[in-house]
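Participant: Have a look at this one.
Just so you know, all these numbers are worked out from the coordinates, no wet-lab data involved. Predicted, not measured: the structure shown is a model, and the values here were computed from it. All Cβ positions, even for glycine, are placed from backbone atoms using ideal geometry, and neighbour counts span all protein chains on display.
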Amino acid sequence: MDFEYSDRVKKLMKEVQTFLDNYLYPIEDELNRAIEEGENRWTIPPQIEELKELAKKQGLWNLFLPESEYGAGLTNLEYAPLAEIMGRTRFGSEVFNCSAPDTGNMEVLVRYGTEEQKKQWLEPLLAGEIRSGFAMTEPDVASSDATNIETRIERDGDDYVINGRKWYISGACDPRCKILIVMGKTDPDNTNKYIQQSQILVPMDTPGVTVVRPMKVFGNDDAPEGHAEITFENVRVPASNMLLGEGRGFEIAQGRLGPGRIHHCMRLVGAAQRAFEMMCARAESRTVFGKTMSRQGSVRESIAKSYCEIEQARLLTLKAADQMDRVGNKGAKALISMIKIVAPQMACTVIDRSMQIHGAMGLSQDTFLPQAYQMARVIRLADGPDEVHMMQLGRGLASGYAMLAKK
């Protein structure tokens with residue numbers, strides 16, 4: 001197995017890193033203050049849009065999409081180190097138009113959208129002119145099992161009518177969010193529970209779509225994108241907004257979530273790597289009890305363990321990405337589940353150690369560590385909680401070795 005990056009990928013890695021070093025990191029604190037302390041926190045800092053235009057001009061745009069017609073034509077394995085670099089900062093993915101949930105929604109439209117749907121929604125998303133949301137999770141049911149979803153999508157003549165309640169819809173509070181992909185049930189009584197669901201496009205300005213509130217994570221509302229609670233009350237959209245066809249929602253979700261899960265893991269490796277580097281720098285520069293922290297045995301142990309854990313997660317991420325390229329998302333589902341279990345837990349652990357070594361500063365707004373920890377902890381639930389991935393992985397592994405019990 002060869003994970004040596006091609007010359008093209010090495011060039012892109014250098015270009016992405018240089019872009020962040022020259023343009024984003026110098027204003028990172030300024031952007032955070034503007035969002036956290038500004039008069040209107042639910043507006044987009046103009047510097048973000050300026051950086052996006054600059055990235056577009058430099059050809060550092062839509063790097064996540066493997067299709068060269070729309071994106072950079074990179075494989076999952078080639079994209080992995082670029083996503084890792086972007087994951088070192090909250091704003092990294094957005095300036096290259098590689099942010100969730102837009103990436104997953106664009107992939108859905110590329111693979112399953114009609115020409116009309118692509119023209120209306122994919123093209124402005126690819127251009128970075130609008131943003132989007134993916135409305136799946138519901139407060140009243142265990143949404144990690146999509147068969148539980150209760151939102152109804154009912155045909156009425158040339159329209160569909162949608163009724164339901166969703167929450168933690170990432171990005172839906174963003175003033176640039178113009179379109180939602182909504183998952184609900186068109187055939188709730190079907191004996192095959194995997195074809196009860198459908199996915200449909202719902203513009204944010206459709207009558208009956210109400211953003212109730214931004215949900216908080218650890219007390220943070222994550223402005224200006226937010227995670228919205230949304231109600232759908234007799235929301236009427238044209239039948240042409242249906243994606244792929246009735247009963248295909250579960251199929252679309254499985255196709256969407258594979259790349260989305262591994263992209264999260266790629267970014268978390270980058271966040272953990274930055275936290276690790278900060279940990280080392282702090283340990284070398286801080287003196288406690290008459291000697292630098294790096295001379296303390298427990299601190300050295302934290303550094304060593306963190307380095308090992310990051311590298312393990314990085315290699316597993318690359319292996320999963322390579323497998324996706326070779327045999328497809330379905331063939332790589334076990335490795336995708338493995339890295340979705342491993343990477344968020346690793347990032348939480350490493351970032352927590354870095355916070356501990358930073359002391360009070362590690363909890364403050366003066367470092368990116370609390371922000372990074374919040375993101376890592378969220379990903380232990382987003383796109384399927386750890387327990388669901390372990391249940392599915394364990395079930396597959398057990399059945400795979402079942403024949404041994406008969407010998």
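Participant: Please compute the contact order of the chain in relative form: average sequence separation of alpha-carbon pairs under 8 Å and at least six residues apart, divided by the residue count, as a percent.
Facilitator: RCO, the chain: 14 percent.
Participant: Given R₀ = 41 Å, what would the calculated FRET efficiency be for residue 27 paired with residue 403, taking r from the Cβ atoms and rounding to 0.05?
Facilitator: That gives a FRET efficiency of 0.10.
Participant: Just how large is the dipole of the stretch 251-401 about the Cα centre, in debye to the nearest 20, putting +1 at every Lys and Arg Cβ and -1 at every Asp and Glu Cβ?
Facilitator: Dipole size: approximately 100 debye.
Participant: Here's another thing I want to ask about it. Would you work out the charge dipole size for the stretch 7-101 about its Cα centre, treating the Cβ of every Lys and Arg as +1 and the Cβ of every Asp and Glu as -1, and quote it to the nearest 20 debye?
Facilitator: Roughly 300 debye for the stretch 7-101.
Participant: Given 226, 362, 200, which one lies farthest toward the positive end of the charge dipole of the chain, if we put +1 on the Cβ of every Lys and Arg and -1 on the Cβ of every Asp and Glu?
Facilitator: 362
Participant: Which stretch or stretches of the stretch 140-179 have amide N atoms under 16 Å from the point lying 7 Å from residue 205's Cα along the Cα→Cβ direction?
Facilitator: Taking a point 7 Å out along Cα→Cβ of residue 205, the residues of the stretch 140-179 whose backbone N falls under 16 Å are 174-179.
Participant: For the pair residue 381 and residue 287, how long in nm is the line joining their label points, each one 7 Å along Cα→Cβ?
Facilitator: Placing both labels 7 Å along Cα→Cβ, they lie 4.4 nm apart.
Participant: Something else now. Whole-Hz Karplus ³J(HN,Hα) for the stretch 72-83, in order, using 6.51 cos²θ - 1.76 cosθ + 1.60 and θ = phi - 60°, x for Gly and Pro?
Facilitator: With coefficients 6.51, -1.76 and 1.60, one gets 8, x, 8, 6, 4, 5, 6, 6, 3, x, 6, 5 Hz.
Participant: Amide H of residue 172: which non-local residues (sequence gap of 5 or more, or other chain) have their own amide H closer than 5 Å, using H built in the peptide plane?
Facilitator: Under 5 Å from the amide H of residue 172 lie the amide H atoms of 228, each far enough along the sequence or on another chain.
Participant: Another question, if that's okay. Roughly how big is the chain's charge dipole about its Cα centre, with Cβ charges of +1 (Lys, Arg) and -1 (Asp, Glu), in debye to the nearest 20?
Facilitator: Result for the chain is approximately 1500 debye, rounded to the nearest 20.
Participant: If we count other beta carbons within 10 Å of each Cβ, what is the order of 393, 60, fewest first?
Facilitator: Final ranking by Cβ density, sparse to dense: 393, 60.
Participant: Right, here's the next one. Skipping prolines and chain starts, which residues have an amide H placed within reach, meaning under 5 Å, of the one on residue 143, given they are 5 or more residues away or on another chain?
Facilitator: 138
Participant: Would you calculate, for the chain, the mean residue ellipticity at 222 nm contributed by helices, counting each DSSP H stretch of 4 or more residues as -39,500 (n - 2.57) and dividing by all residues, to the nearest 500?
Facilitator: Roughly -15500 deg cm²/dmol at 222 nm, from the helical runs in the chain.
Participant: Let me ask you something else. Distance from the Cα centre of the stretch 244-289 to that of the stretch 58-97, in angstrom?
Facilitator: 14
Participant: Suppose the chain between residue 148 and residue 360 were pulled fully straight at 0.36 nm per residue; how much longer would it get relative to their current alpha carbon spacing?
Facilitator: That pair, residue 148 and residue 360, stretches by 72.1 nm at full extension.
Participant: As an exercise, identify the chymotrypsin sites (Phe, Trp or Tyr not before Pro) in the stretch 249-339 lying in DSSP coil whose Cβ has no more than 16 other Cβ atoms within 10 Å.
Facilitator: 289
Participant: Filter 166/319; 11/52; 166/340; 14/305 down to the pairs with a C-alpha to C-alpha distance above 26 Å, please.
Facilitator: 166/319; 14/305
Participant: Sticking with this structure for a sec: From the phi angles alone, apply the Karplus equation (6.51, -1.76, 1.60; θ = phi - 60°) to the stretch 294-309 and give each ³J(HN,Hα) in whole Hz, x where the residue is Gly or Pro.
Facilitator: 5, 8, 7, x, 5, 5, 4, 5, 4, 5, 5, 4, 4, 4, 4, 5
Participant: So what J values fall out for the stretch 34-45 if you push phi through Karplus, 6.51 cos²θ - 1.76 cosθ + 1.60 with θ = phi - 60°, rounded to Hz, Gly and Pro as x?
Facilitator: For the stretch 34-45, the Karplus-derived couplings read 4, 7, 7, 10, x, 5, 10, 6, 9, 10, 8, x Hz, x marking Gly and Pro.
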